[in-house]
Amino acid sequence: QVQLVESGGGLVQAGGSLRLSCAASGLTFSNYGMGWFRQAPGKERELVAAINWSGGSTYYAVSVKDRFTISRDNAKNTVYLQMNSLKPEDTAVYYCAATYKGNSPNKYDYWGQGTQVTVSS
């Protein structure tokens, strides 16, 4: 049974930092690319960052580039999202997701439960 379990969300002041973690089980982790998505109330879900199976290629949304860093540790079956210089507009529910390395773009096979990130001003 595949599970993606997120942790690290919470309430942070503007300008602060937070690190999200997503631990995967039930799959061969190195066969999957990983992504972090977020959805704020009244807004569409958006892809924040993504990393390929090996960690050698990454993607960032323009709104978070130079502030967020995605990384993975295949030995620990875990993907991370380091968030620095947080802004109130970063407030959202954050989800991790896994996509098999042969999939078409945006086809994610598994999803985490989501974790709330709230940034106060």
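The values are calculated or read from the model by the stated rules, or taken from the named source; none is laboratory data. Please read all numbers here as calculations on a predicted model, not as lab measurements. Quick reminder, even Gly has a Cβ in these numbers, built from the backbone with ideal geometry, and neighbours come from all protein chains shown. Heads up: the accessible areas ignore ligands, DNA and RNA and are worked out on the full protein's heavy atoms, side chains in. Shrake-Rupley method; radii C 1.70, N 1.55, O 1.52, S 1.80 Å.
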Tell me which residues, restricted to segment 2-13, are at negative phi and open to solvent by 30 Å² or more (accessible area, probe 1.4 Å). VAL2, GLN3, VAL5, SER7, GLY9, LEU11, GLN13
Among the residues of segment 52-103, which ones are small (Gly, Ala, Ser) and either in contact (Cβ under 8 Å) with a residue 40 or more places away in the chain or open to solvent by less than 40 Å² (accessible area, probe 1.4 Å) (or both)? GLY55, ALA61, SER85, ALA92, ALA97, ALA98
Search result, residues across segment 36-51 that are surrounded by 12 or more Cβ atoms within 10 Å (Cβ to Cβ) and over 17 Å from LEU4 (Cβ atoms): ALA40, GLU46
Has segment 80-94 got any residue that is in contact with a helix residue (DSSP H, G or I) (Cβ under 9 Å, 6 or more places away or on another chain), within 18 Å of SER21 (Cβ to Cβ) and not in a strand (DSSP E or B)? no
Checking the condition of a type in the set (Gly, Ala, Ser), open to solvent by less than 40 Å² (accessible area, probe 1.4 Å) and touching a Lys or Arg at 6+ places or on another chain (Cβ under 7 Å), which residue from GLY33, GLY16 passes? GLY33
Output for segment 13-57, where each listed residue is over 8 Å from the mean Cα position of the chain (by Cα) and among the hydrophobic types (A, V, I, L, M, F, W, C): ALA14, LEU18, ALA23, ALA24, LEU27, PHE29, ALA40, LEU47, ILE51, TRP53
Test for ASP90: is it acidic (Asp, Glu) and closer than 22 Å to GLN3 by Cβ: no
